[in-house]
Amino acid sequence: MSHKDEVKKWWNSEKTKKWSSITANKNHEGFYHYSVRREKTLNFIKALNLPSNAKILELGFGSGDAAEDILNLGYDYVGIDISAHLCDYANNRFKKEVENKKATFINQSLEEKYQYEDNYFDAVFVCGALQYADDLDFCIKEVGRVLKDGNRFIVCQGNQFTLNDLIKPRFFLLSLIRYFT
């Protein structure tokens with residue numbers, strides 16, 4: 001089984017089904033870390049001063065929190081995620097925007113050809129999903145293909161060795177093992 005198939009199997013398993021609403025839960029322990037990355041990404045997008053009819057693509061949209069931010073700015077939003085659970089959750093969460101063609105949620109891998117023509121998007125961003133891609137070259141080339149010339153690909157990845165985790169003995173040991181292996 002390929003890496004992409006393993007990632008798809010994991011994100012579509014019953015174990016991950018519950019995560020569709022957990023990441024949007026402000027009381028969840030990982031929410032702060034995720035929300036800081038999302039806020040930084042949103043600030044980069046705002047700084048681009050895109051036209052009001054801009055089209056923005058997010059890779060690995062999770063529960064759709066960034067989609068909400070993008071839609072609130074008035075832009076058209078497209079999200080790609082490998083999890084059917086997350087796609088169902090986002091389609092229900094943004095039912096009105098989907099019906100009005102302001103938002104589109106696509107269930108596919110970042111490592112598959114995107115269904116959009118060349119030079120289609122004004123901005124593309126990913127917030128903590130690139131670690132799931134085995135073929136980063138393909139993903140980056142595909143982003144380059146669908147991104148309009150002169151526009152931006154914003155990447156905001158977390159660090160697996162956060163200080164919060166290093167204080168917990170189990171995470172500290174796992175981090176050491178990952179580092180040395």
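Any read-out appearing in this document is the output of simple, stated calculations on the displayed coordinates, not a laboratory observation. Since this is a predicted model, take the numbers as computed values, not measurements. Cβ coordinates were reconstructed from backbone atoms using ideal geometry, including for glycine residues, and neighbour counts include every protein chain displayed.
Report the full-extension gain for the segment ALA84 to LYS101: residue separation times 0.36 nm, less the Cα-Cα distance, to one decimal in nm.
Length gained, ALA84 through LYS101: 4.2 nm.
Multiplying the sequence separation of ASP137 and SER35 by 0.36 nm and subtracting their Cα-Cα distance, what value in nm do you get?
Numbers: separation 102, 0.36 × 102 = 36.72 nm, distance 2.75 nm.
My answer for the length gained is 34.0 nm.
Give me the distance in nm between label points sitting 7 Å out from Cα along the Cα-to-Cβ direction at ASP5 and ASN92, one decimal.
With each label point 7 Å from Cα toward Cβ, the separation is 3.0 nm.
Determine the alpha carbon to alpha carbon distance for each of LYS55/LYS96; LYS96/LYS141; LYS46/LYS102; LYS55/LYS148 and list only those over 22 Å.
Violating the 22 Å Cα-Cα cut-off are LYS96/LYS141.
Which of the aspartates and glutamates could a cross-linker span from LYS101 if the Cα-Cα distance has to be under 12 Å and same-chain partners fewer than 8 positions apart are dropped?
Within the straight-line limit of under 12 Å, LYS101 reaches these aspartates and glutamates: ASP76.
What order do you get for 49-61, 90-102, 127-139, 74-86 when each peptide is scored by the mean count of other beta carbon atoms within 10 Å, highest first?
Taking the mean over residues of other Cβ atoms within 10 Å, the ranking is 74-86, 49-61, 127-139, 90-102.
So what is log10(I(q)/I(0)) for region 33-122 at q = 0.13 1/Å, when the Debye sum runs over its Cα atoms only?
The Cα Debye sum returns log10 ratios of -0.40.
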